[in-house]
Protein chains: 2
Amino acid sequence: MILSFEEILKKVENEVSALHLNESPISLYTPIQYILSLGGKRIRPALTLMACNIFSEDIEPAIKPALGIEVFHNFTLLHDDLMDQADLRRNQQTVHKKWGANTAILSGDAMLIVAYRLIGETSGKFLKPVLDLFTTTALEICAGQQHDMEFESRSDVEEEEYIEMIRLKTAVLLACSLKTGALVGGASEKDAEILYAYGIHIGLAFQLMDDLLDVYGDMASFGKKIGGDILCNKKTFLLIHAFKAASEDQKKELNDWIHKQDYILEEKIRAFRKIYTDLCIEKITEKKIQYFYELANEYLDQLSVSPERLRVLKSISQLLMNRKS
Amino acid sequence: MILSFEEILKKVENEVSALHLNESPISLYTPIQYILSLGGKRIRPALTLMACNIFSEDIEPAIKPALGIEVFHNFTLLHDDLMDQADLRRNQQTVHKKWGANTAILSGDAMLIVAYRLIGETSGKFLKPVLDLFTTTALEICAGQQHDMEFESRSDVEEEEYIEMIRLKTAVLLACSLKTGALVGGASEKDAEILYAYGIHIGLAFQLMDDLLDVYGDMASFGKKIGGDILCNKKTFLLIHAFKAASEDQKKELNDWIHKQDYILEEKIRAFRKIYTDLCIEKITEKKIQYFYELANEYLDQLSVSPERLRVLKSISQLLMNRKS
């Protein structure tokens, strides 16, 4: 039986709530419980369960590694927020704002270990390949974050570098989530690799969609402030392309805004959005998203399973690509 | 054949040097190579190899987990130095002083993952028990660090709480090092547990010796500044006992020094040392060290191996207990 997305998500939420992290000392574990309780889309563990379900009726073996991946993802948010000095996460105070930097460092470290504890509960012969994939992925994500931080002080980031950065920072974890589910579901190495490649391309499309929503999204449903990337001068796909296509005047205007210290937030966002619109950046980004999305779907067609078993995963990817938030 | 301690240490140094951590991006891995290159006693990986060697002629299976433990130990130093805002580690700049807090956070995270990568290379049937022990130990060490930080703002820390804190922060990793070596050396579960208990008690003795050396050590050979614990008002075994035995006048003097902002470093150290000496704190601490050391050795006698195989480990513990640095 193929579970519906709603059933998968319900399973994930129940399992996240059932994580007993009220260990001692509570001051170490409370911030972990806090960030996990803030919610989020739970897309990664859902992908693991869905991928497992493609190959097996029994999704139980996927639960522990799925939880490990979700805990790991939230660990990266916790430490990234500290490094970015972000005040808010999902409209709530970030951990370092609430408890201080030292707690954020140490509870984050403990959270990474808890993620490994869950990965370590992967059963039997799947432990080794799941653990190895997780470790490789985790190091890639650190590399992605390092690139991202280094891009902040650079004005010459190329599209290819940017795509590689978001591959590392975002796409590999989605791909890892899918491949992990495939492995514990008993997929062949080939099918597992195909799902991994699918995950990479869906992940790239997903992140570019995020870049786009930051500029053109609907604030109420996006869950974070619109224009956040613009205000912190993030070299997104949109800004990189804007600089590439801009006239000298437009370049000057962008650079002036980037270096301005005192300004009205809304005015900066409006100015960026106008330049993006004048340069058709929305279209260029949408085209790139479509490109990665189609590539992703071509991978799915290569899987050695009946199309019926892919229905849920396909509908979810479609949903992700049409999201407003 | 039982390897000598010199042979074990040489093996460890060679293996640490052969860790190929020149991965990309170099800005992420350079701080990891840096802190590993600062040296240190390498006592933990040495214990793993020695413990393995007690039960097996072949120490190869112990090398990867031994390295994982050493990388993990250095990761804790990296993040602890950041949390403690320490400027120096082994007479060199700390990572956050040299590269900033964000690099220290992220390279530390990567280092923890690299430690797991090495643990993950433990072969075959030993992977699961070694991984589980490592994860349990790593979380205990985070708990120990959390307690340690919380003790800073408390003046009522009891001896039992302090012993429990150093058990978590220091002793469990020495015990884990030994048990890991025993496991991959093919020891029985019972022998592995005995070595673990030995490690806990040697670890407690080891940390109390550190507390003592901070006050009475020989600066040149100790490698860190004498009196560091005194200057940062650390609630060591010595200070806890001093407060317990002190007269009202002595308590007042200690408290005055603890709250004083401007003073000559040497004077504070001299004042503490005088009170410690007047109260025979050195004797009390030495007695406690001896107590844990003897308990540790009683465990060794319960192992199901010939005394000959324990010679190296015993001589090293003796050395650790008589060290001046």
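Which of the numbered conditions does B:Thr30 fail, given that it passes all the others? Conditions: (1) surrounded by fewer than 19 Cβ atoms within 10 Å (Cβ to Cβ); (2) under 20 Å from the mean Cα position of the chain (by Cα); (3) outside any loop (DSSP other than H, G, I, E, B).
Status for B:Thr30: all satisfied but (2).
Report, ordered by the first and then the second residue, all pairs with beta carbons closer than 6 Å, sequence separation of six or more or different chains, a first member in segment A:201-212 that is free of Cβ contacts under 8 Å to residues at least 40 places away in the same chain, and a second member that is part of a helix (DSSP H, G or I) and open to solvent by 10 Å² or more (accessible area, probe 1.4 Å).
Filtered contacts from segment A:201-212: A:Gly203/A:Thr170.
Would you point out the residue of segment A:82-114, among those that are more than 11 Å from chain B (Cβ to nearest Cβ) and open to solvent by less than 20 Å² (accessible area, probe 1.4 Å), that is nearest to B:Lys169 (Cα to Cα)?
A:Val95
If you go through segment B:132-159, how many residues are crowded, with 18+ Cβ neighbours inside 10 Å and assigned to a loop (DSSP other than H, G, I, E, B)?
The qualifying residues number 1.
Considering A:Leu77, A:Leu168, which residue is facing another protein chain (nearest Cβ under 10 Å), at pLDDT 95 or above and within 29 Å of A:His241 (Cα to Cα)?
Exactly one of A:Leu77, A:Leu168 is facing another protein chain (nearest Cβ under 10 Å), at pLDDT 95 or above and within 29 Å of A:His241 (Cα to Cα), namely A:Leu168.
Considering segment A:1-27 alone, what residues qualify as being under 19 Å from A:Ser317 (Cα atoms) and either open to solvent by less than 30 Å² (accessible area, probe 1.4 Å) or among the polar types (S, T, N, Q) (or both)?
A:Ser4, A:Ile8, A:Val12
What helices (runs of 4 or more DSSP H) lie completely within segment A:160-268 and have 3 or more residues being crowded, with 20+ Cβ neighbours inside 10 Å?
In segment A:160-268, the matching helices (runs of 4 or more DSSP H) lie at A:172-184, A:189-216, A:237-245.
Would you pick out the residues in segment B:1-27 that are more than 14 Å from chain A (Cβ to nearest Cβ), among the hydroxyl-bearing types (Ser, Thr, Tyr) and not in a helix (DSSP H, G or I)?
Result: B:Ser4, single match.
In this structure, is A:Leu183 more than 20 Å from the chain's Cα centre (by Cα) and touching a residue at least 12 places away in the same chain (Cβ under 8 Å)?
yes
With the requirement that a residue be surrounded by fewer than 24 Cβ atoms within 10 Å (Cβ to Cβ) and among the β-branched types (Val, Ile, Thr), what does segment A:60-80 give you?
A:Ile63, A:Thr76
Among the residues of segment A:132-151, write down those that are in contact with a Cys (Cβ under 8 Å, 6 or more places away or on another chain) and more than 9 Å from chain B (Cβ to nearest Cβ).
Listed by number, the residues that qualify are A:Leu133, A:Thr137.
For a quick check of your reading of the model, give me the residue pairs whose first member lies in segment A:17-32 and is more than 21 Å from A:Asp81 (Cβ to Cβ), whose second is aromatic (Phe, Trp, Tyr) and open to solvent by 50 Å² or more (accessible area, probe 1.4 Å), with beta-carbon atoms closer than 7 Å and at least 6 apart or on different chains.
Hits for this filter: zero, empty list.
Would you pick out the residues in segment B:1-42 that are within 30 Å of A:Glu161 (Cβ to Cβ) and aromatic (Phe, Trp, Tyr)?
Those that are within 30 Å of A:Glu161 (Cβ to Cβ) and aromatic (Phe, Trp, Tyr): B:Tyr29, B:Tyr34.
Could you list, in sequence order, the residues of segment B:34-86 that are touching a residue at least 24 places away in the same chain (Cβ under 8 Å) and of a type in the set (S, T, N, Q)?
B:Thr48, B:Asn53, B:Ser56, B:Asn74, B:Thr76
Restricting to segment A:278-300, count the residues that are open to solvent by less than 80 Å² (accessible area, probe 1.4 Å) and within 20 Å of A:Gln250 (Cβ to Cβ).
Residues meeting the conditions: 6.
Could you please find all residues in segment B:115-124 being open to solvent by 10 Å² or more (accessible area, probe 1.4 Å) and either within 7 Å of chain A (Cβ to nearest Cβ) or at pLDDT below 95 (or both)?
B:Arg117, B:Ser123, B:Gly124
So A:Pro129 ticks every box in (1) open to solvent by 10 Å² or more (accessible area, probe 1.4 Å); (2) under 15 Å from A:Ile69 (Cα atoms); (3) within 8 Å of chain B (Cβ to nearest Cβ); (4) not polar (S, T, N, Q) but one. Which box is left unticked?
Among (1) open to solvent by 10 Å² or more (accessible area, probe 1.4 Å); (2) under 15 Å from A:Ile69 (Cα atoms); (3) within 8 Å of chain B (Cβ to nearest Cβ); (4) not polar (S, T, N, Q), the lone unmet condition for A:Pro129 is (3).
Can you name the residue in segment B:38-82 that is within 19 Å of B:Glu6 (Cα to Cα) and of a type in the set (S, T, N, Q) and is also nearest to the chain's Cα centre (by Cα) among such residues?
Result: B:Thr48.
Go through (1) of a type in the set (S, T, N, Q); (2) within 20 Å of B:Tyr196 (Cα to Cα); (3) touching a Cys at 6+ places or on another chain (Cβ under 9 Å) for B:Ser56 and report which single condition fails.
Exception for B:Ser56: condition (3).
Which of the residues that make up segment A:301-325 are open to solvent by less than 60 Å² (accessible area, probe 1.4 Å), within 27 Å of A:Phe55 (Cα to Cα) and under 19 Å from the mean Cα position of the chain (by Cα)?
A:Leu313, A:Ser315, A:Ile316, A:Ser317, A:Leu320, A:Met321 - these are the residues of segment A:301-325 that are open to solvent by less than 60 Å² (accessible area, probe 1.4 Å), within 27 Å of A:Phe55 (Cα to Cα) and under 19 Å from the mean Cα position of the chain (by Cα).
The values are calculated or read from the model by the stated rules, or taken from the named source; none is laboratory data. All figures in this text were calculated on a predicted structure; none of them were measured in a lab. Cβ atoms come from the backbone with ideal geometry, glycine included; neighbour counts cover every protein chain shown. For the accessible areas, the whole protein counts, side chains as well, though only heavy atoms, and no ligand, DNA or RNA atoms are used. Shrake-Rupley method; radii C 1.70, N 1.55, O 1.52, S 1.80 Å.
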